[in-house]
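Enquirer: After the structure tokens below, expect a handful of questions from me.
The values are calculated or read from the model by the stated rules, or taken from the named source; none is laboratory data. The shown structure was predicted, so the numbers you read here are calculated from the model rather than taken from an experiment. Cβ placement follows ideal geometry from the backbone for every residue including glycine, while neighbour counts extend to all protein chains displayed. Note: accessible area is taken over every heavy atom of the protein model, side chains too, but ligands, DNA and RNA are not part of it. Shrake-Rupley method; radii C 1.70, N 1.55, O 1.52, S 1.80 Å.
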Amino acid sequence: MESTIKLRVRKEIDNGSEFKVIKLKGSLIAGGFTEIIHISDEDEHYYLNTFSTPSRNKKSTEEFLLGYIADHQLNDAVMLLK
């Protein structure tokens with residue numbers, strides 16, 4: 001069974017943060033957490049990024065995301081939605 005994970009990503013961020021967000025998405029794919037990330041507009045301030053991961057990997061995927069966000073100081077740019 002698959003679990004859906006959602007990220008809220010701020011639209012207007014500096015270039016350094018934008019690069020870190022792109023690396024995060026690449027790490028999710030390269031790390032085998034997902035194969036594709038869907039991006040849509042949530043509103044005028046945020047994008048909604050969604051992807052599926054096997055239910056057995058949901059906790060480790062969320063831990064990876066939260067760790068990456070904290071380690072790369074992206075707390076103002078990326079939020080994991082529960």
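Enquirer: Rank R10, R56 by accessible area, highest first, at a 1.4 Å probe radius?
Expert: R56, R10
Enquirer: Treat every Asp and Glu Cβ in the chain as -1 and every Lys and Arg Cβ as +1, leave all other atoms uncharged, and give the resulting dipole magnitude about the Cα centre to the nearest 20 debye.
Expert: The dipole magnitude comes to about 360 debye.
Enquirer: Under the definition of Cα pairs under 8 Å and six or more residues apart, what whole-number percent is the relative contact order of the chain? Can you show the working numbers first?
Expert: Values: 104 pairs, mean separation 39.9, N = 82.
Rounded, it is 49 percent for the chain.
Enquirer: Where does helix 58-71 land angle-wise versus the long Cα axis of the chain, in degrees 0 to 90, nearest 10?
Expert: 30 degrees
Enquirer: Oh, and also: Using the heavy atoms of the protein chains alone and a 1.4 angstrom probe, what is the accessible area of the chain per residue in square angstrom?
Expert: Result: 65 Å² per residue.
Enquirer: Using a probe of 1.4 angstrom, how much of the accessible area of the chain is carbon and sulfur, in percent?
Expert: 50 percent
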